[in-house]
Amino acid sequence: MNKITKVQIRSFVKEKLSTDPLWARHALLKIFELQTREEQESKATVDYNGVGFTGTDGRILSSLALQLQKKRRLSEKQMEIVYKKIPKYWGQVVKISNKNHLYSLINL
């Protein structure tokens, strides 16, 4: 098995987050859940702790995550927003992923 580079990891995860609805929705929910309660409730970045959405994305992505939690569905237009914004969080996705499983997907 070849060593997987950071560039390969970033490229693979960003591609998945920008095209695969399961990856995108799961990442949206997990990142939202990792935010502090205050950030979740205010839909804003409060603590700069390396977890959660940026200040510019906080309101819209938190709102979409809450909708997904309640209704389990996003419209096509809302998914386009997720596909556009969520890939920038690829590093957080990698941190919370099962590395062995992720690397096995990249090596396919």
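Restrict the check to the stretch 20-34 and report whether at least one residue is exposed (fewer than 12 other Cβ atoms within 10 Å of the Cβ), modelled with pLDDT of 90 or more and not β-branched (Val, Ile, Thr).
The first filter runs over the stretch 20-34 and keeps only residues exposed (fewer than 12 other Cβ atoms within 10 Å of the Cβ), leaving 21-22.
Narrowing the set further to residues that are modelled with pLDDT of 90 or more leaves 21-22.
Subset that is not β-branched (Val, Ile, Thr): 21-22.
Yes, the conditions are met somewhere in the stretch 20-34.
If I ask for residues that are exposed (fewer than 12 other Cβ atoms within 10 Å of the Cβ) and not in a helix (DSSP H, G or I), which ones from the stretch 92-108 would you list?
Selection gives 98, 107, 108.
Pull out all pairs, ordered by first then second residue, where Cβ-Cβ is under 9 Å, the residues are six or more apart or on different chains, the first lies in the stretch 79-108 and is over 25 Å from residue 54 (Cβ atoms) and of a type in the set (Val, Ile, Thr), and the second is at pLDDT 90 or above and surrounded by 15 or more Cβ atoms within 10 Å (Cβ to Cβ).
From the stretch 79-108, the pairs are 106/9; 106/12; 106/13.
Identify, from the list 99, 95, 85, 70, the residue that is basic (Lys, Arg) and under 12 Å from residue 29 (Cβ atoms).
Numbers: 99 fails: under 12 Å from residue 29 (Cβ atoms); 95 fails: under 12 Å from residue 29 (Cβ atoms); 85 fails: under 12 Å from residue 29 (Cβ atoms).
Criteria check complete, one pass: 70.
Has the stretch 81-91 got at least one residue that is farther than 22 Å from residue 7 by Cβ, at pLDDT 95 or above, assigned to a helix (DSSP H, G or I) and of a type in the set (A, V, I, L, M)?
Here is the first cut: in the stretch 81-91, the ones farther than 22 Å from residue 7 by Cβ are 81-82.
Next, only the ones that are at pLDDT 95 or above stay: 81-82.
Now narrow it down to the ones that are assigned to a helix (DSSP H, G or I): 81-82.
From what's left, of a type in the set (A, V, I, L, M): 81-82.
Looking through the stretch 81-91, at least one residue is farther than 22 Å from residue 7 by Cβ, at pLDDT 95 or above, assigned to a helix (DSSP H, G or I) and of a type in the set (A, V, I, L, M).
The values are calculated or read from the model by the stated rules, or taken from the named source; none is laboratory data. Note that the structure is a prediction, hence the values are computed from the model and not measured. Cβ atoms come from the backbone with ideal geometry, glycine included; neighbour counts cover every protein chain shown.
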